[in-house]
Amino acid sequence: MTIRKVPMRTCVACQTTRPKRELVRVVRTAAGTLVLDRRGKVSGRGAYICPDPDCVHKALTGHRLERALEVQLTDELVAELQRIERGSV
Ligand SMILES: [Zn+2]
């Protein structure tokens, strides 16, 4: 067995470093729109957040995603994040 290096990313809310695939990625695309990227395939500037209600709440109330991505969150994205916050994903 070979040991593979797991890509690590930091959550914008709690600053915890976790394997990339355990985090939710929010991407600002080249067109300037924000999308929730669940598969890690969308190119663009990304910010990472734990799929955890506390972290989502913190990120939304503290405007941490906006700051990390330098863009306003869209209502659509906020709604998607709020679904995670409610634990229904
Ligand atoms: Zn977190």
Revision key, fill the gap. For ARG39, the lone unmet condition from (1) out of contact with any Asp or Glu (no Cβ under 8 Å at 6 or more places or on another chain); (2) within 22 Å of GLY87 (Cβ to Cβ); (3) basic (Lys, Arg); (4) within 16 Å of the ligand (Cβ to nearest atom) is (4)
Practice item. Starting from region 30-51, take each residue that is under 13 Å from LEU69 (Cα atoms) and part of a strand (DSSP E or B) and list its partners that are within 16 Å of the ligand (Cβ to nearest atom) and not aliphatic (A, V, I, L, M), counting only C-beta distances under 7 angstrom and pairs at least six apart or across chains. Key: GLY46/ARG25; TYR48/ARG9; TYR48/THR10; TYR48/CYS11; TYR48/ARG25; ILE49/CYS11; ILE49/CYS55
Review point. What are the residues in region 15-29 that are touching a Lys or Arg at 6+ places or on another chain (Cβ under 8 Å) and either part of a helix (DSSP H, G or I) or surrounded by 15 or more Cβ atoms within 10 Å (Cβ to Cβ) (or both), if any?
Key: ARG18, LYS20, LEU23, VAL24, ARG25, VAL27, ARG28
Review point. If the Cβ limit is 7 Å and pairs must be 6+ apart or interchain, which residue in region 1-21 that is among the basic types (Lys, Arg) pairs with which residue that is loosely packed, with under 12 Cβ neighbours inside 10 Å and part of a loop (DSSP other than H, G, I, E, B)?
Key: LYS20/PRO7
Exercise for review: Would you check if there is a residue in region 64-79 being in contact with an Asp or Glu (Cβ under 6 Å, 6 or more places away or on another chain), outside any loop (DSSP other than H, G, I, E, B), free of Cβ contacts under 8 Å to residues at least 60 places away in the same chain and not acidic (Asp, Glu)?
Suggested key: no
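Residues checked against (1) within 16 Å of the ligand (Cβ to nearest atom); (2) of a type in the set (A, V, I, L, M); (3) out of contact with any helix residue (DSSP H, G or I) (no Cβ under 7 Å at 6 or more places or on another chain):
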site	(1), (2), (3)
MET1	no, yes, yes
LYS5	no, no, yes
GLN15	yes, no, yes
ASP52	yes, no, yes
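Values in this text are rule-based calculations from the coordinates and carry no lab data. Model, not experiment: these values are computed from the prediction. Methodologically, a virtual Cβ is constructed for each residue, glycine included, from the backbone with ideal geometry; neighbour enumeration extends over all protein chains shown.
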